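Report on the structure given below.
The values are calculated or read from the model by the stated rules, or taken from the named source; none is laboratory data. All of these numbers come straight from a predicted model, not from anything done at the bench. Because the Cβ atoms are built from the backbone with ideal geometry, glycine has one as well, and the counts that use them run over all protein chains shown. Accessible surface is based on the protein model in full, side chains and every heavy atom, while ligands, DNA and RNA are left aside. Shrake-Rupley method; radii C 1.70, N 1.55, O 1.52, S 1.80 Å.
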Amino acid sequence: MSYFIDRRANAKHKSAVNRQRFLDRYRTHIKRSVEEAVNRRSITDMERGEKVSIPARDISEPVFQHGPGGRRTIISPGNREFVEGDRLRRPEGGGGGGGGSGEGASNQGEGMDEFAFSLTREEFLDFVFDGLELPHLERKQLLDLEEVRPVRAGISRDGVPSRINIVRSMREAHARRIAMRAPIRRALREAMEALEAEERKDPVLRNPARISELKEEIARLERRLEAVPFIDTYDLRYNNMTNQPMPSNKAVMFCVMDVSGSMTQSHKDIAKRFFLLLYLFLERNYEKVELVFVRHHTAAKEVNEEEFFYSRETGGTIVSSALTLVDEIINDRYPPAQWNLYVAQASDGDNWDDDSTTCRELLLKSLMPRLQYYTYVEITPHAHQALWEEYETVADRFSSRFAMRQIVEGSDIYPVFRELFKRRVQQ
């Protein structure tokens with residue numbers, strides 16, 4: 001019997017396998033604690049671990065024990081007070097003594113009846129973004145042949161040992177041995193027949209020199225047969241691999257934020273936290289997603305990441321300027337046949353008179369037919385405004401690819417984000 005021992009070092013002397021098994025088993029409890037932690041901390045403080053607690057009653061393990069039935073004899077060493085048949089006095093205090101530690105209720109979320117442990121940064125983010133994805137992500141046409149995969153392309157005489165084809169190599173070796181040994185075997189057979197014929201002759205006519213010569217020839221031919229190698233480097237064959245271009249699943253996310261005067265500092269902070277969470281999600285889960293940052297007031301401008309999150313520029317509100325700029329960028333740099341296009345917009349819903357109608361027409365006629373998914377987040381505690389009403393028309397027509405949600409306060413960011421990007425069931 002063979003034994004395989006995993007001697008890989010685990011951090012802090014912990015078992016990585018057992019830890020992963022534990023996280024999988026109590027995923028529901030941990031996920032609930034992680035969601036509470038996300039609501040407590042700021043989005044900019046997401047990239048660190050978290051200490052979570054699980055009630056002890058939920059991690060209890062089943063055990064085997066003796067049942068109350070049957071006849072048993074119990075010996076209690078050191079008993080000087082009781083004999084068989086005595087009745088035990090009731091404990092003083094009336095209760096059964098709770099067996100607790102005497103500590104009162106804890107306001108720290110952790111007590112003697114809870115099991116507490118720490119999640120690493122990677123484990124914490126895994127639970128934060130568990131079950132989320134970019135909706136309707138599709139494979140597009142070939143784009144610059146950047147994404148390839150190795151595929152089998154026949155057999156080659158050259159290659160690396162890991163790609164050796166055993167069957168083909170043995171077949172080639174067997175054919176070579178047949179080809180090389182055939183003339184030797186034929187000559188050996190003829191020499192043996194000649195020796196046999198010479199030995200059958202009358203002793204007077206038999207030629208001893210000829211017999212000796214034939215025996216030497218037979219020995220030489222047998223050595224030649226044994227010298228033919230079982231397998232030679234000439235016989236080796238390798239699986240030939242070639243890089244085949246693959247359809248690209250590249251995507252671009254347009255982050256559109258309203259920075260007009262109607263957006264209070266509180267509204268802007270909520271919008272920034274939403275986009276920070278979106279940025280962290282895309283950076284962690286997708287390797288080929290580009291981000292385009294667009295800020296707008298009366299005029300829209302494409303900016304870099306730093307300016308998008310920290311610029312203090314403000315002004316009036318014309319939302320259509322941002323949508324027009326997004327449409328121009330798509331036409332110039334991101335052909336829909338080659339890119340998956342996504343837009344995430346955050347605004348308070350306030351807009352210039354009659355511009356909301358222009359936004360609706362831009363979405364219906366130009367943007368939505370080319371986009372994979374559009375999310376609109378309205379940050380306001382009040383009733384919806386004209387922009388929301390016009391967007392409802394778009395949502396009715398593109399129900400599976402247009403989503404709208406309202407955020408009132410900071411604690412709504414994470415639930416709304418999960419609802420917008422939750423994994424859809426494939427139809």
note = Of all C-alpha pairs within segment 181-315, those more than 19 angstrom apart amount in percent to 72
remark   = Note, segment 405-416: 3J(HN,Hα) by Karplus (6.51, -1.76, 1.60, θ = phi - 60°), whole Hz, Gly/Pro = x, goes 9, 10, 10, 9, 9, x, 5, 7, 4, 5, x, 5
message = Give me the base-10 log of I(q)/I(0) for segment 183-222 at each q in 0.31, 0.32, 0.33 Å⁻¹, Debye formula, one uniform scatterer per Cα, rounded to two decimals.
response = -1.00, -1.04, -1.08
ask   = Once a ≥ b ≥ c are taken as the square roots of the eigenvalues of the Cα gyration tensor of segment 324-427, is the result rounded (a/c under 1.5), prolate (a/b larger than b/c) or oblate (a/b not larger than b/c)?
value = oblate
message = Going through the cross-link list LYS268/LYS365; LYS31/LYS268; LYS268/LYS301, which pairs have a Cα-Cα distance over 23 Å in this structure?
response = LYS268/LYS365; LYS31/LYS268
key: Burial ranking of peptide ranges 349-356, 321-328 (average Cβ count within 10 Å, highest at the top)   = 321-328, 349-356
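Specify whether the C-alpha gyration tensor of segment 278-340 places it in the rounded, prolate or oblate class, a ≥ b ≥ c being the square roots of the eigenvalues: rounded for a/c under 1.5, otherwise prolate if a/b is larger than b/c and oblate if not. Don't jump to the answer; show the numbers that get you there.
On the way: a/c = 2.84, a/b = 1.30, b/c = 2.19.
Here segment 278-340 falls in the oblate category.
Tell me the net charge near MET241. Cut-off is 11 Å between Cβ atoms, MET241 excluded, with +1 for each Lys or Arg and -1 for each Asp or Glu.
On the way: positive: ARG149, ARG152, ARG163; negative: none.
Local net charge: +3.
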key: Accessible-area composition of segment 263-348, carbon plus sulfur, in percent [1.4 Å probe]   = 46
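With a 1.4 Å probe and all protein chains in place, put TYR310, TYR373 in order of accessible area, largest first.
Values: TYR310 165, TYR373 5 Å².
Solvent-accessible surface, decreasing: TYR310, TYR373.
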